[in-house]
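One structure below.
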Amino acid sequence: MTTAPLRVAVLSFAHTHALSYVHALKDMPGVELIAADPDGASAPDASPRGAALAAELGVDYVDTYDEAFAWGPDAVVVAAENSRHRALVERAAAAGAHVLCEKPLATTVQDAVAMQEACARAGVVLMVAYPVRFAPAFRDALTQIRSGRLGRVLGITGVNNGKLPQDRAWFTDPELAGGGALVDHVVHCADLLDDLLGERAQTVRAVSNRFLHAQRDLEVETGGLVTLQYPSGVVATIDCSWSWPMSSPTWGGLTLQIVAERGTLTVSPFAKGVAGHDAEGETWDPVGADLDALLLAEFIAAVREGRAPQPDGAVGIRTVEIVKAAQSSAAHGGAVVPLG
């Protein structure tokens, strides 16, 4: 286990989670941090990016990815637009830097596989940013299910919906994001189901539409429902819609309702908070564990200890497979799509 300072580069501020990743890394002892966001200047929205956002966050900044890699990072956090993940992950692997990549791992299965293979060849860690895995409520549910106390799982209803992510317009760009709500929100629940059930989905069926936020004339789906069937017979659904009103004081939420032979469990990691009002209207301050900080702590610990963290690149590939199958199903009227 190494105790030397770790050099970590945050590559891009495109994903809003990059801000909390910077805060978490700044609070960690023995971590030296820089950021680069060269695509921020051409972003299709007015949200702060680049050097201005780095100054606001109090993190050292370089203008290009070339400079970031010349700095010699031990690890990188890739928070770029989805379609730009592969190039950055492969570059990091070539530089011998361990990788934490924002979800989804890629916009195609082929890209996701290539990224995992590049990291495996280079002998570096590839971890995918699924922070809800570290929620105490989910960890407790996982313990209860695996103990057998509730018997066999029969079915699961998953909900991961929220506001339209208009503060980062690339989320609704089909080329940069790879899709809309099906891409943005299916993967978190799919990852949790993967871990909870310990088996891979067998078939996928999905429907989607653009009824929500129709006035914006978006090119991607804004609402969707995905049904997964597993070899054990478990059927799970995922509501992935951007259905929360823009006036909501919080981004949205994630809930799993698990029905087993001898009981039910509800996992809702973002349900607790302090509600109130201020001059601008309703407010909501979440309480509980900082899941992004727990995610970063696992990544940094794995790098220091020379071990493979979870969720890894294989999980990232499986969740991309589910998204692509869901998109194919929705495009064909809700046809059932088998997974390999």
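What is segment 1-159's relative contact order, in percent, from Cα pairs under 8 angstrom and six or more apart in sequence? Spell out each step's value before the answer.
Details: 239 pairs, mean separation 29.5, N = 159.
With pairs under 8 Å counted, the relative contact order is 19 percent.
What part of the accessible area of segment 89-175, given as a whole %, is carbon or sulfur when the probe is 1.4 angstrom?
About 50 percent, which is the carbon plus sulfur part of the accessible surface.
What do you get for trypsin sites (Lys or Arg not before Pro) in segment 293-323 restricted to DSSP loop and a cutoff of at most 12 other Cβ within 10 Å of the site's Cβ?
Passing sites in segment 293-323 are Arg307.
As a check on your grasp of the helix formula, calculate [θ] at 222 nm for the chain: sum -39500 (n - 2.57) over DSSP H runs of n ≥ 4, divide by the residue count, round to the nearest 500.
Using -39500 (n - 2.57) per qualifying helix, the result is -10500 deg cm²/dmol.
Over the chain, what relative contact order in percent results from Cα pairs under 8 Å that are six or more residues apart? Working shown, then result.
Details: 717 pairs, mean separation 67.4, N = 340.
Relative contact order for the chain comes out at 20 percent.
Report Rg/Rh for segment 204-340, rounded to two decimals, where Rg is the Cα radius of gyration and Rh the Kirkwood radius.
Expressed as Rg/Rh, it is 1.02.
Rank by packing, highest mean first: peptides 133-144, 5-16, with packing defined as the count of other Cβ atoms within 10 Å averaged across residues.
So the order, starting with the most tightly packed, is 5-16, 133-144.
Under 25 Å between C-alpha atoms is the cut-off here; go through the chain and count lysine pairs that meet it, provided they're at least eight residues apart or on different chains.
Within the chain, the lysine pair count is 6.
Pairs of alpha-carbon atoms within less than 8 angstrom and 6+ residues apart define the contacts here; what relative contact order does segment 63-106 have, in percent?
44 percent
Among 181-191, 235-245, how do they line up by average Cβ neighbours within 10 Å per residue, starting with the highest?
Taking the mean over residues of other Cβ atoms within 10 Å, the ranking is 181-191, 235-245.
When 1/r is averaged over all different Cα pairs and the result inverted, which Kirkwood radius in Å belongs to the chain? Could the numbers behind the result be given before it?
On the way: mean 1/r = 0.0486 Å⁻¹.
When all Cα pairs of the chain are included, the Kirkwood radius is 20.6 Å.
Quick one: which of 123-132, 281-290 comes out on top by average Cβ neighbours within 10 Å, and what's the full order, highest first?
123-132, 281-290
Cα centroid distance between segment 153-181 and segment 81-116, in Å?
19 Å
Over the chain, average the accessible area per residue using a 1.4 Å probe and give it in Å², no decimals.
Working: 14370 Å² over 340 residues.
Value for the chain: 42 Å² per residue.
How long are the semi-axes of the equivalent ellipsoid of segment 57-169, defined as square roots of 5 times the Cα gyration tensor eigenvalues? Whole Å, largest first. Show your work: numbers first, answer last.
Details: eigenvalues 212, 69, 45 Å².
After scaling each eigenvalue by five and taking roots: 33, 19, 15 Å.
Rounded to the nearest angstrom and ordered from largest down, what semi-axes does the equivalent ellipsoid of segment 228-301 get from its C-alpha gyration tensor (root of 5λ)? List each step's numbers first, then the result.
Working: eigenvalues 171, 76, 35 Å².
Ellipsoid semi-axes (Å, largest first): 29, 19, 13.
Over the Cα atoms of segment 1-128, each weighted equally, I'd like the Debye log10 I(q)/I(0) at q = 0.14, 0.19, 0.20 Å⁻¹, rounded to two decimals.
-0.56, -1.04, -1.14
The values are calculated or read from the model by the stated rules, or taken from the named source; none is laboratory data. Every value quoted in this text rests on a predicted model; they were computed, and no experiment measured them. Methodologically, a virtual Cβ is constructed for each residue, glycine included, from the backbone with ideal geometry; neighbour enumeration extends over all protein chains shown. Just the protein is used for accessible areas: all its heavy atoms, side chains included, with ligands, DNA and RNA removed. Shrake-Rupley method; radii C 1.70, N 1.55, O 1.52, S 1.80 Å.
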